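To start, the structure itself, in structure tokens.
The values are calculated or read from the model by the stated rules, or taken from the named source; none is laboratory data. Just so you know, these numbers come straight off a predicted model, no measurement behind them. A quick note on method: Cβ atoms are made from the backbone with ideal geometry, for glycine too, and the neighbour counts reach across all protein chains shown. Accessible surface is based on the protein model in full, side chains and every heavy atom, while ligands, DNA and RNA are left aside. Shrake-Rupley method; radii C 1.70, N 1.55, O 1.52, S 1.80 Å.
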Amino acid sequence: MSFPMNTPRGLTRLQLILLTAAWIATVPNAVAVGQFLASPAAGHGLAAAAFAAGGWLFILTVTLAFLLAAGLFFPGRSAKVLCAAALVAAAAVSYFSTFLGTQFDKTMVTNMLQTHVAEAAELANLRLLAWVAVIGVIPAIAAWRVPMVPVSWTRASLSAMAALAAVAGVTVVTVYAQYPRYASAARNRDITFNLVAPTNVLASAIALAAADLNSRTVRAPRGTDARQAYAIARPRLLILVLGETGRAQNHGLNGYLRDTTPSMRAAGGYYFANTESCGTATAISVPCIFSGMSRAEFSILTARGNETLIDVVHRAGARVLWIDNDSGCKEVCAHADYRDLTDSRDARWCPEPGNCHDEILLDGLEPLVRSERRDTLVVLHLKGSHGPAYYKRYPAAFERFSPACQSNDLSSCTLAELRNAYDNTILYTDHVVGETIRIADRMSDQFASAVLYVSDHGESLGEAGLFLHGLPYAVAPAEQTHVPLFAWVSRPFLKLERWDAGCMARQTLVPRSHDNVYATVLGFLEIQSVEYKPALDLFEPCDPKP
Ligand SMILES: [Zn+2]
């Protein structure tokens with residue numbers, strides 16, 4: 001029997017790529033899908049199935065996107081080469097994840113690149129070869145042999161875009177519907193992209209190449225003219241407390257019904273109730289604050305190509321000390337004396353190794369600063385209110401609001417328990433800022449001291465079904481972008497600099513943003529430079545200058 005010649009038999013290019021992506025997402029990545037089922041966030045029965053389905057869809061979307069992107073270099077029938085290669089690569093990579101629990105990240109790919117042929121040969125064994133043959137080579141041969149139906153370039157492109165949009169759309173809806181569970185599974189590292197073969201290796205290789213390129217970029221100098229504008233009787237000391245995930249809505253000073261900020265209130269400083277962050281994640285906000293660019297101008301790539309506020313302050317002859325209990329300085333502190341406390345095991349502050357309460361930043365700070373005769377900028381990078389394990393951010397004595405959620409699985413707590421735990425973190429951060437002010441005040445016998453506190457971004461606590469942070473700025477709710485900003489100055493500072501306290505209080509009525517931090521730090525340290533934009537300095541109108 002024969003078929004009429006005009007009935008196309010075989011697969012279109014897109015169908016072949018779709019089938020390849022579906023196979024890779026399902027078979028070699030069974031372990032990657034399995035991690036969703038194994039996560040405590042998955043639950044049981046139908047809920048677990050829906051949770052894993054979202055995971056599978058995510059892997060399918062990522063794989064399809066990679067294949068379609070790579071497909072741009074494999075026109076027409078040569079897509080077979082791409083599909084066959086991807087099938088074999090996925091099988092080989094998945095062997096290590098499936099049987100050896102290997103996770104492929106940048107470090108692992110670096111290791112692979114440095115592996116000799118002999119070492120690689122030692123890895124080869126019968127089980128590996130059998131796995132690659134069954135999971136990779138047989139489907140690759142099938143892909144190679146399948147007849148292809150030609151489709152016009154325009155139609156192929158349109159249908160490829162439509163297919164990707166459809167798959168991505170279903171994935172987004174499925175994941176969004178269960179968002180809190182994925183968020184907590186990801187934060188607890190129950191699930192990791194490093195198991196998704198072979199895109200894990202590709203993505204890591206791309207990230208590695210980008211990092212390599214980045215490390216070779218020489219940052220353009222900033223503020224080569226920076227210098228101390230004038231000296232006063234004592235060196236200046238500014239302690240910049242860089243907060244984490246503190247949202248303004250939950251600050252007593254901002255009119256919140258709970259008194260979560262008694263220490264800042266008692267210290268009597270200047271609270272800017274209406275302040276917007278630059279980003280909704282640390283990785284954007286921290287580089288942005290120190291970049292000298294406004295939120296409108298900021299781009300991470302431009303920022304990486306330029307020196308930062310820290311470099312300008314250093315160039316002006318001041319000492320810069322950066323003490324970190326959070327996630328590092330995001331490449332902005334090359335010229336700072338940098339101290340990383342994130343891995344501390346000091347039992348006085350750290351209930352578990354590497355998880356330390358923020359007061360560790362103040363331990364030994366005073367003698368460290370007192371030994372200095374120059375103007376000094378200290379940056380204290382808090383862990384603040386970083387979730388989802390809010391309950392780990394404060395000592396037991398600060399559990400003022402209870403019952404507080406005692407889990408990092410957000411879906412296992414009520415919104416009220418979540419809010420209680422979060423408010424306790426704000427209360428503790430307020431205490432840390434208060435203690436910082438006490439230390440700065442004590443040292444005002446030696447320095448003209450001041451403290452500036454600002455958080456990097458806010459947090460969603462279930463409003464509109466959203467949790468945590470990191471939404472694109474354009475769609476981010478105010479909870480993620482409205483941050484606290486607070487300044488305090490010592491009496492000797494006011495006296496020596498002759499700033500007008502009444503004028504300073506009036507400045508808090510003006511809406512502010514992260515755009516103001518850069519100029520304000522330069523203003524506090526009286527650094528003269530083209531980098532200094534007086535209009536952005538919070539207190540410029542109150543500074544008479546000599
Ligand atoms: Zn952050």
Conditions (1) more than 28 Å from the chain's Cα centre (by Cα); (2) closer than 28 Å to residue 173 by Cα: number failed by residue 55:
(1)
Residue 81 fails exactly one of (1) open to solvent by 40 Å² or more (accessible area, probe 1.4 Å); (2) in contact (Cβ under 8 Å) with a residue 24 or more places away in the chain, namely (2)
Of all residues in region 381-419 being open to solvent by less than 10 Å² (accessible area, probe 1.4 Å) and assigned to a helix (DSSP H, G or I), the one that is nearest to the ligand (Cβ to nearest atom):
390
Starting from region 372-386, keep only residues that are in contact (Cβ under 8 Å) with a residue 12 or more places away in the chain, then list their pairs with residues that are assigned to a strand (DSSP E or B) and within 10 Å of the ligand (Cβ to nearest atom) whose Cβ atoms are within a distance under 7 Å, requiring at least 6 positions of separation or different chains.
379/242; 380/242; 381/242; 382/242; 382/243; 384/243; 384/455
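Can residue 422 be described as within 16 Å of the ligand (Cβ to nearest atom), assigned to a helix (DSSP H, G or I) and over 25 Å from residue 493 (Cα atoms)? Walk me through how you get there before you give the answer.
Values: within 16 Å of the ligand (Cβ to nearest atom): yes; assigned to a helix (DSSP H, G or I): yes; over 25 Å from residue 493 (Cα atoms): yes.
Criteria met by residue 422.
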Conditions first: (1) touching a residue at least 40 places away in the same chain (Cβ under 8 Å); (2) touching an Asp or Glu at 6+ places or on another chain (Cβ under 9 Å); (3) farther than 30 Å from residue 387 by Cβ; (4) not polar (S, T, N, Q). Residue 494 passes all but one, so which condition is the exception?
(1)
Do any helices (runs of 4 or more DSSP H) entirely within region 228-321 hold 3 or more residues that are closer than 18 Å to residue 533 by Cβ and within 16 Å of the ligand (Cβ to nearest atom), and if so, which?
282-291
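Select from region 322-346 the residues that are of a type in the set (D, E, K, R), open to solvent by 50 Å² or more (accessible area, probe 1.4 Å) and more than 16 Å from the ligand (Cβ to nearest atom) and list them in ascending order.
First, the residues of region 322-346 that are of a type in the set (D, E, K, R): 324, 326, 330-331, 337, 339-340, 343, 345-346.
Applying the additional criterion that residues be open to solvent by 50 Å² or more (accessible area, probe 1.4 Å) yields 330-331, 337, 339-340, 343, 345.
If the condition is that a residue be of a type in the set (D, E, K, R), open to solvent by 50 Å² or more (accessible area, probe 1.4 Å) and more than 16 Å from the ligand (Cβ to nearest atom), then 337, 339, 340, 343, 345 are the ones that fit.
Condition (residue is closer than 30 Å to residue 302 by Cβ, touching a residue at least 12 places away in the same chain (Cβ under 8 Å) and open to solvent by 40 Å² or more (accessible area, probe 1.4 Å)) applied to region 259-274: is it met by at least one residue?
Checked region 259-274: at least one residue is closer than 30 Å to residue 302 by Cβ, touching a residue at least 12 places away in the same chain (Cβ under 8 Å) and open to solvent by 40 Å² or more (accessible area, probe 1.4 Å).
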In this structure, does residue 223 turn out to be open to solvent by less than 40 Å² (accessible area, probe 1.4 Å), in contact with a Phe, Trp or Tyr (Cβ under 9 Å, 6 or more places away or on another chain), at positive phi and in contact (Cβ under 8 Å) with a residue 40 or more places away in the chain?
yes
